[in-house]
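The values are calculated or read from the model by the stated rules, or taken from the named source; none is laboratory data. If you're wondering where the values come from, they're calculated on a predicted model, not measured in any experiment. In this analysis, Cβ positions are derived from the backbone assuming ideal geometry, glycine residues included, and neighbour counts consider all displayed protein chains. In case anyone asks, the SASA skips ligands and DNA or RNA and just uses the protein heavy atoms, side chains included. Shrake-Rupley method; radii C 1.70, N 1.55, O 1.52, S 1.80 Å.
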Amino acid sequence: MSEILSNIDNKKQLEFFKKIKSIEEKLYEIDIESKFINPKQKEEFKEYRQKWTSCVNKVRNKIGTILVNKLEENEKGFEDGIKAINQEIQEINNAVGFLNIFSKTIEIIENIVGLVI
């Protein structure tokens, strides 16, 4: 089932889940069991409802697993991007440091020239 779900886009997966979840909610509405007069039918209904709930939970877990896997795949890209940004920031800091030293050097040279003239 996970191969099928992984080939369907996330939006469709979530729409599907919402539909089957809404059906499940209807199966648990108040007084729904009272509509069954025959006790055997009532028990069968409860069994099928429980099976439906189990299937809904399996689908929820499969979709959740797929989404978490996709999130983990994206994590590497984020980490690489953050490393690249940090490198750029360090290069800018190095350039600013160099410019500060260069500025101080020019200032010292100006003072030396001022002494000579």
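Accessible surface computed residue by residue for the chain, with neighbouring protein chains in place and a 1.4 Å probe, gives 85 Å² per residue.
GNM remark for the chain: springs join alpha carbons under 10 Å apart, and the peak mean-square fluctuation among Ser22, Ser103, Ser54 falls on Ser103. Summing +1 for each Lys or Arg and -1 for each Asp or Glu among the other residues whose beta-carbon sits under 13 angstrom from that of Phe78 gives -2. Taking the Cα centre of the chain as reference, the dipole from Cβ charges on Lys and Arg (+1) and Asp and Glu (-1) amounts to some 980 debye.
Along the axis of the charge dipole computed for the chain (Cβ charges of +1 for Lys and Arg, -1 for Asp and Glu, origin at the Cα centre), the listed residues Ile20, Asn69, Val59 are led at the positive end by Ile20.
Couplings for segment 101-117, taken from phi via the Karplus curve 6.51 cos²θ - 1.76 cosθ + 1.60 with θ = phi - 60°, read 5, 4, 4, 5, 5, 4, 4, 5, 4, 4, 5, 5, 4, x, 6, 6, 7 Hz in order; Gly and Pro are left as x.
Placing +1 on each Lys and Arg Cβ and -1 on each Asp and Glu Cβ, with no other charges, gives segment 5-57 a dipole about its Cα centre of roughly 140 debye. Expressed as a whole percent, the accessible surface of the chain that belongs to carbon and sulfur atoms is 60, based on a 1.4 Å probe. In sequence order, segment 48-56 has phi-based couplings of 5, 5, 5, 4, 4, 4, 4, 5, 4 Hz under the Karplus curve 6.51 cos²θ - 1.76 cosθ + 1.60, θ = phi - 60°, and Gly or Pro positions carry x. Karplus-derived 3J(HN,Hα) values for segment 15-30, using 6.51 cos²θ - 1.76 cosθ + 1.60 with θ = phi - 60°, are 5, 4, 4, 4, 5, 6, 5, 5, 5, 4, 4, 5, 5, 10, 4, 4 Hz; glycine and proline are entered as x. For the residue pairs Lys51/Lys76; Lys19/Lys70; Lys76/Lys104; Lys58/Lys83, the C-alpha atoms sit more than 32 angstrom apart in Lys51/Lys76; Lys76/Lys104; Lys58/Lys83. Here P(r) over Cα pairs in 5 Å bins from 0, in percent was calculated from the structure, and among [x] 2, 9, 10, 10, 8, 7, 7, 6, 5, 4, 4, 4, 4, 4, 4, 3, 3, 2, 2, 1, 1, 1, 0; [y] 2, 10, 18, 20, 16, 14, 10, 5, 3, 1, 0; [z] 2, 10, 14, 12, 9, 8, 8, 7, 6, 5, 5, 4, 3, 3, 2, 1, 0 it sits at label [x].
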